[in-house]
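Encoded as structure tokens, the structure appears first; notes follow it.
The values are calculated or read from the model by the stated rules, or taken from the named source; none is laboratory data. The structure displayed is predicted, hence computed values, not measured ones. So basically every Cβ, Gly included, is an ideal-geometry build from the backbone, and we count neighbours across all protein chains shown. These accessible areas exclude ligands, DNA and RNA; they are computed on the full protein's heavy atoms, side chains included. Shrake-Rupley method; radii C 1.70, N 1.55, O 1.52, S 1.80 Å.
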Amino acid sequence: QVQLVESGGGEVQAGGSLKLSCLASGGTFSGHGMGWFRKAPGKEREFVATIRWNGGITYQSDSTKDRFTISRDNAKNTVYLQMTSLKPEDTAIYYCAARPLYESTNPYEYDYWGQGTQVTVSS
């Protein structure tokens with residue numbers, strides 16, 4: 001059983017930056033592909049970024065690929081999401097998730113989820 005805890009959310013003005021962290025425990029972190037998803041009020045859950053167990057492959061959504069960067073530190077059991085040039089439409093609860101080994105953009109392929117961290121971008 002893998003437990004995931006996100007942190008680093010908050011309120012920031014448009015154009016600002018935030019770095020989210022997701023700390024994993026209870027399993028072998030390096031054996032999991034990781035993903036970031038977000039859920040805004042009134043909208044469906046949306047894929048943001050994903051990374052392979054060894055960090056060798058990453059994918060990001062078209063809406064964030066020029067502004068957000070996913071990375072991981074297996075020694076620290078942590079995956080990160082560096083967010084820059086934030087826009088009001090990035091406002092959402094951000095969730096990290098884990099699945100065996102490989103990256104995926106499909107939330108239904110993930111076995112474990114964190115509780116989420118709120119990101120609010122004001123104009």
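Things worth noting here:
- Some residue of segment 37-51 being free of Cβ contacts under 8 Å to residues at least 24 places away in the same chain, at negative phi and polar (S, T, N, Q): no
- Subset of segment 10-28 that is over 14 Å from the mean Cα position of the chain (by Cα) and within 26 Å of THR84 (Cα to Cα) - its residue that is surrounded by the most Cβ atoms within 10 Å (Cβ to Cβ): VAL12
- Some residue of segment 60-70 being open to solvent by 20 Å² or more (accessible area, probe 1.4 Å) and in contact (Cβ under 8 Å) with a residue 40 or more places away in the chain: no
- Cβ-Cβ under 7 Å pairs, at least 6 apart or on other chains, segment 1-16 side at pLDDT 95 or above, far side charged (D, E, K, R): GLY8/LYS19; ALA14/LYS87
- Any hit, segment 11-33, residues being under 16 Å from SER104 (Cβ atoms) and outside any strand (DSSP E or B): yes
- Residue match in segment 34-53 (condition: in a loop (DSSP other than H, G, I, E, B) and open to solvent by less than 30 Å² (accessible area, probe 1.4 Å)): yes
- Flag for SER7 being open to solvent by 50 Å² or more (accessible area, probe 1.4 Å), of a type in the set (Ser, Thr, Tyr) and over 14 Å from the mean Cα position of the chain (by Cα): no
- Segment 98-110: number of residues that are open to solvent by 20 Å² or more (accessible area, probe 1.4 Å) and within 14 Å of the chain's Cα centre (by Cα): 5
- Yes/no for TYR95 being open to solvent by 50 Å² or more (accessible area, probe 1.4 Å), at pLDDT below 95 and part of a strand (DSSP E or B): no
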